[in-house]
Amino acid sequence: MLTQGAPTHRLPATDLLAMYETMLRIRRFEEMVYYLFLQGDMPGTLHLSTGQEAVAVGVCTSLRATDFVTSTHRAHGHAIAKGVGVNALMAELFGKATGCCQGKGGSMHVGDVRVGAVPSLAVVGAGIPIAAGLALAFKLRKTDQVAVCFFGDGATNEGTFHEGINMAAIWDLPIVFVCENNQYGASTHVSKVMKVANVADRAAAYGIPGVVVDGNDVLAVHEVTVEAVARARGGSGPTLLECKTYRHGGHSRSDPGSYRPEEEVAYWKTRDPIKLYREWLAGQRRVGEAELAAVHVRVEQQIDDAVEYARSSPDPGPELAIRHVYWEGSA
Amino acid sequence: MRKLTIVEALRQAMREEMARDHNVIILGEDVGIEQGFGGAFTVTLGLSEEFGHDRVIDTPISEAGYAGVAIGAAMAGMRPIVDLQYADFIYCMMDQIVNEAAKLCYMSGGQVKVPIVVRAPVGATTRGAQHSQTPEAMFMHVPGLKVVAPSTAYDAKGLLKTAIRDDNPVIFLEHKLLYGSKGLRVEVGALNPVGEVPEGDYTVPFGQAVVRREGADLTIVATLLMVYRALEAAQRLAAEGISAEVIDLRSLRPLDEEAVLRSVAKTGHLLLVDEDHQACGWTAEVAALVAEKGLAHLRAPVKRVTSLDTPTPYAPTLERAWIPTPEKIFAAALELVVNGSTHTDWRG
Ligand SMILES: Cc1ncc(C[n+]2csc(CCOP(=O)(O)OP(=O)(O)O)c2C)c(N)n1
Ligand SMILES: [Mg+2]
């Protein structure tokens, strides 16, 4: 069941549909890259956000194009939700010159600063103080921008979490900390590494609001983010949002996830954020079945095109390996 | 004697040491979870079932934290093995290792010892810049630390035992493409050498290099995966009538100076091969060593093949351009022996 009667509900139908489309785009993108990985077309490793799409979309739909997000090793969803094109993203995963980071980053380092997606950082917790630094610049330069920092439950046990949030709090920085609590850090359940029930409870230690929200409810996530972003932009400082969610698959491409009880996995699949949202949309009758069907066709086509684009793109030439060690000026 | 992979040899070393000394414990992320991974590359698989969760301790993702915990426990009598998922995250432990662990014995005037082993999986495997580094040089630079890098199963077990029994902090490098991890952890392009490993107790001392292939025309010094690439290059060189000697350092600090000088005295040519960056890497240290103590033996300038002095690129094509390959080692060796020697008066 999704949030009923919330103000989000009054969003125009086009926005509601756009949120659905973005969630679906993330889902299909990741299903496709996983398939390609199994085919042997994808180097390296993959961390999929399948099952967590409502967080990326609920949060990023509350932002302006000029706002910035930081992300982690599990970055595809955040990048797509913030507006990184699927062609450039797919090409990056293929290691092609047309990738969003010229094939030099890879799955764990995707982003496009033109749309406010800082190339993601794969060292757990590293992005937290860095996001605070973005927010410090926004404040000092009076740009009216907001920083959003995505991280997992596991990251909250790094020292950077404490240090980053504390500084953001004492300086009232325009930032929203978004913890995607999918209940595991790799194979480790949160209850093994944290004594408090909620990550959001830790907000009290920094004197900032901590909010727990159903991370599989895109409207609820949107709702709380709108409020936190308004607070940040208004100069009242950070909020720690904890979105309770679940990843459908393993931690990375090599993980069957056998440490998770089957019933738990099955339960969360019944709470698939895309399925829940679609049911809600159907109940609202503001978006027609035909429109939803058209979204599916469009997304399918986009993903197929992205694969085609990536496959036909050139490999980066070896000369690219030695470029960009130092700043070469804006492109 | 049983043939084991490096993963199996490391696991056997830890199992034997834990049975031998109840003060040996393991600390790390995902090292002992039921139905879990056994660390990022299965090395600790089964050990929590055998020794319990009091001794195979699953930590939060708190590298600086559990490095510090290990140091404290070590000062109070334990022998902690600190497990890292990727060597890259050792930088999160930097203060604890470099300012604390490495200096406590010295600063205390010899009152305390810090017997910890930090196990760090190194090597580029198309995962990009933050899951690929081989950061040996950073630690070689630090007085108080020891750094070892086994390339065979035999050495993996013997050196790990020595590391665990050593009373000082040891940085223990393991190569992802040499592990021999099985099942879903199989790595593309892995070599996974298996080797004979004696059941039961033996150790490999620190500071002893080993000659992996004897030769007369040039000395190739390497570590970890690069030992195998050097051996492959040596085989091709043999077809060209060039006889290469390949030395596996195994131990970077202490460094077996004698082994290098002895070989260079014989061959007169030195090629250094390292997967780490070139600037200030161990290749620079060994080149300086030969410049100081063996210059007279050299018939040509020292040559180095290393990864580029750039972060690790993700794209497989770029990674190949970045890392030393058998082809690059072969070409450098050829150039060194053929062209290098023609400049008989290279010292001016
Ligand atoms: C500093 C650091 N330590 C360990 C790792 C290896 N690692 C990658 S993801 C991960 C789990 C992260 O858990 P969480 O923060 O909950 O994010 P999730 O994977 O669930 O999205 C670990 C341990 C890392 N990338 N960086
Ligand atoms: Mg998690």
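The values are calculated or read from the model by the stated rules, or taken from the named source; none is laboratory data. In this text, all values refer to a predicted model and were calculated from it rather than measured experimentally. Reconstructed Cβ throughout: ideal geometry from the backbone, glycine too, with neighbour counts over all protein chains shown.
Observations, loosely collected:
- When A:Gly257, A:Gly250 are screened for being within 14 Å of another protein chain (Cβ to nearest Cβ), at positive phi and within 16 Å of ligand 2 (Cβ to nearest atom), only A:Gly257 passes.
- Single unsatisfied condition, B:Glu34 versus (1) within 16 Å of ligand 1 (Cβ to nearest atom); (2) assigned to a loop (DSSP other than H, G, I, E, B); (3) within 14 Å of chain A (Cβ to nearest Cβ): (1)
- Subset of segment A:177-197 [assigned to a loop (DSSP other than H, G, I, E, B) and either surrounded by 19 or more Cβ atoms within 10 Å (Cβ to Cβ) or within 12 Å of ligand 1 (Cβ to nearest atom) (or both)]: A:Asn182, A:Gln183, A:Ala186, A:Ser187, A:Met194
- Test: residue in segment A:302-321 that is over 25 Å from A:Asp217 (Cβ atoms), in contact with a Ser or Thr (Cβ under 7 Å, 6 or more places away or on another chain) and of a type in the set (Gly, Ala, Ser): yes
- Among (1) more than 14 Å from chain A (Cβ to nearest Cβ); (2) in contact (Cβ under 8 Å) with a residue 60 or more places away in the chain; (3) buried (at least 18 other Cβ atoms within 10 Å of the Cβ); (4) not acidic (Asp, Glu) - the single one B:Ala87 does not satisfy: (1)
- Among the conditions (1) more than 16 Å from ligand 2 (Cβ to nearest atom); (2) assigned to a loop (DSSP other than H, G, I, E, B); (3) under 16 Å from the mean Cα position of the chain (by Cα), the only one that A:Val224 does not satisfy is (2).
- Looking only at residues of segment B:317-342 that are more than 18 Å from B:Asp276 (Cα to Cα) and either loosely packed, with under 12 Cβ neighbours inside 10 Å or of a type in the set (D, E, K, R) (or both), we find that the one that is modelled with the lowest pLDDT is B:Thr342.
- Hey, A:Ala200 assigned to a helix (DSSP H, G or I), within 16 Å of ligand 1 (Cβ to nearest atom) and surrounded by 21 or more Cβ atoms within 10 Å (Cβ to Cβ) or not: yes
- Going through (1) farther than 25 Å from A:Pro238 by Cβ; (2) within 15 Å of the chain's Cα centre (by Cα) one by one, A:Thr98 falls short only on (2).
- Qualifying residue in segment A:85-97 (condition: in a loop (DSSP other than H, G, I, E, B) and away from every other protein chain (no Cβ under 14 Å)): yes
- Single condition A:Gly44 does not satisfy, out of (1) away from every other protein chain (no Cβ under 14 Å); (2) within 26 Å of A:Glu319 (Cα to Cα); (3) of a type outside the set (A, V, I, L, M); (4) within 16 Å of ligand 1 (Cβ to nearest atom): (1)
- Count - residues of segment A:177-193 that are away from ligand 2 (no atom under 11 Å from the Cβ) and at the interface with chain B (Cβ under 10 Å from one of its Cβ atoms): 1
- Flag for A:Ser107 being polar (S, T, N, Q), away from ligand 2 (no atom under 16 Å from the Cβ) and at the interface with chain B (Cβ under 8 Å from one of its Cβ atoms): yes
- Residue in segment B:43-54 that is in contact (Cβ under 8 Å) with a residue 60 or more places away in the chain and within 15 Å of B:Lys182 (Cα to Cα) present: yes
- Checklist (1) away from ligand 2 (no atom under 16 Å from the Cβ); (2) without any contact (Cβ under 8 Å) to a residue 12 or more places away in the chain; (3) closer than 19 Å to A:Ser49 by Cα applied to A:Val148, failing item: (2)
- Here is the figure for segment A:149-176: residues that are within 13 Å of ligand 1 (Cβ to nearest atom) and either more than 14 Å from every other protein chain (Cβ to nearest Cβ) or under 19 Å from the mean Cα position of the chain (by Cα) (or both) total 9.
- Segment A:110-148, subset within 14 Å of chain B (Cβ to nearest Cβ) and buried (at least 24 other Cβ atoms within 10 Å of the Cβ), residue farthest from ligand 1 (Cβ to nearest atom): A:Gly111
- Some residue of segment A:291-311 being of a type in the set (Phe, Trp, Tyr) and within 16 Å of ligand 2 (Cβ to nearest atom): no
- Residue within segment B:107-123 that is within 14 Å of chain A (Cβ to nearest Cβ), touching a residue at least 40 places away in the same chain (Cβ under 8 Å) and assigned to a loop (DSSP other than H, G, I, E, B) present: yes
- On the stretch given as segment A:194-212, residues that are within 16 Å of ligand 2 (Cβ to nearest atom) and either under 20 Å from B:Ile61 (Cα atoms) or among the basic types (Lys, Arg) (or both) total 7.
- Residues of segment A:263-298 that turn out to be assigned to a helix (DSSP H, G or I) and either basic (Lys, Arg) or more than 15 Å from A:Gly51 (Cβ to Cβ) (or both), as a count: 20
- Number of residues in segment A:209-221 that are closer than 9 Å to A:Leu240 by Cβ and either surrounded by 24 or more Cβ atoms within 10 Å (Cβ to Cβ) or modelled with pLDDT under 95 (or both): the value is 0.
- Evaluation of B:Thr59 against the conditions (1) surrounded by 21 or more Cβ atoms within 10 Å (Cβ to Cβ); (2) within 14 Å of chain A (Cβ to nearest Cβ); (3) under 30 Å from B:Glu319 (Cβ atoms) shows that the sole unmet condition is (3).
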